[in-house]
Amino acid sequence: MKKAVFKMLFLLVLGSAFMSCATGGAAVAGLGVLDGMDEASSAIVVDRFERAQQVLEYCEKPVKSVAGDAVMADGAVLQPVLLKDESPAYIVLSSLDAWTAYPVTGVFAEAYADGGYSTYGAPLTYEFLDDGFPTQVFEKGVMVVEAGTADWVAEPAEMPAELAGVGELRGDDEVLSALDDETRSNITSAVKEAYKLARLQGFNPGKPAGGDKVHQWDGPLSQNFSDGDSISGAWGINSLAIVFLYPESKDAFFVRDEFVNKMEIGEGIDAHSGAFGYGGALSPEYIIDGKVCQRFGKGIMQREDDGSVSFIPLM
């Protein structure tokens, strides 16, 4: 009981610190700073690393400080960091062309410290559960944690093909029409990255439902997918999965399975459903105390031991 109360208080504090849905606290000093890099490339690295810091914050793994200089290795940029719980972690950008830098934490970070980039390559996904085991995909293979130990399967990652319609913007959406070309392009890139991430994790979101395009939904932007692996049938759409992002953000995240079903139920803020009650996703699914969680603009969804989903409001 005390642990549950403590977590609730922690999440409420976290929520008050991040009331702006797509932006968080100040960037950690020295994050992504690489000596000798030209200004344009440096701006790319800092942007990707600061976004990775933000995702870690939303995944309840806030960064405390850098733990060493950023370095380049075969075009990738790596930096060791220290999380606020004093555990070591890494943030890695696979190349300057990559849209997202991915963190390596926990047991994955311990293994990465031993083998390093030369053994594993750059991470291509966040940590996720696969058949109940924490898993992370790297350029040179897959790391799976079982009984507190990271097992390595050396099998180069196969990049998924792009799918037509993913990240395409709805032409008649007033919010999207008011955005500048760079922001519109960023939205498309973010949704495409979310789709690639899902496929690398072994999850097929399906295809844009009925040709759906990115549109505004009570604050966040979203695009509906159907006929994939999601077990949700919310809103009468077969295998519904929804990708979310906020207009000012460069990161998009899929909501799937029971979490989509939860969104259909009016148990969000002020008993509302959908994005109005829960907000859009601000993080990937993440694992805390063995439970799968996901951060939304208005709270956190958590899958309980009995398979039900609870919602912890942060507003």
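The values are calculated or read from the model by the stated rules, or taken from the named source; none is laboratory data. All values derive from a computational prediction rather than experimental measurement. Note: ideal-geometry Cβ built from the backbone for every residue, glycine included; neighbour counts use all protein chains shown.
Could you say whether any residue in segment 223-241 is at positive phi and among the polar types (S, T, N, Q)? Yes, that holds for at least one residue.
Here's a check for you: in segment 64-88, which residue that is among the small types (Gly, Ala, Ser) and surrounded by fewer than 13 Cβ atoms within 10 Å (Cβ to Cβ) is modelled with the highest pLDDT? Ranking the candidates gives Ser65 first. In segment 39-58, the residues that are within 17 Å of Ile287 (Cα to Cα) form Cβ pairs under 8 Å with partners that are of a type in the set (S, T, N, Q), at six or more places apart or across chains, as follows: Ala52/Thr100; Gln54/Thr23; Val55/Ser283; Leu56/Thr105; Tyr58/Ser283.
Of the strands (runs of 3 or more DSSP E) contained entirely in segment 196-315, those carrying at least 1 residues that are modelled with pLDDT of 95 or more and over 18 Å from the mean Cα position of the chain (by Cα) fall at 221-226, 309-313. When you check Ser222 against the structure, is it more than 16 Å from Val55 (Cβ to Cβ) and in contact with an Asp or Glu (Cβ under 7 Å, 6 or more places away or on another chain), yes or no? For Ser222, the condition - more than 16 Å from Val55 (Cβ to Cβ) and in contact with an Asp or Glu (Cβ under 7 Å, 6 or more places away or on another chain) - is not met. Determine whether segment 149-166 contains at least one residue that is part of a helix (DSSP H, G or I) and surrounded by fewer than 18 Cβ atoms within 10 Å (Cβ to Cβ). Checked against the condition, which is being part of a helix (DSSP H, G or I) and surrounded by fewer than 18 Cβ atoms within 10 Å (Cβ to Cβ), segment 149-166 yields no hits at all. Checking each residue in segment 45-92 for being in a loop (DSSP other than H, G, I, E, B), more than 15 Å from the chain's Cα centre (by Cα) and not small (Gly, Ala, Ser) picks out Asp69, Asp74, Lys84, Asp85, Glu86.
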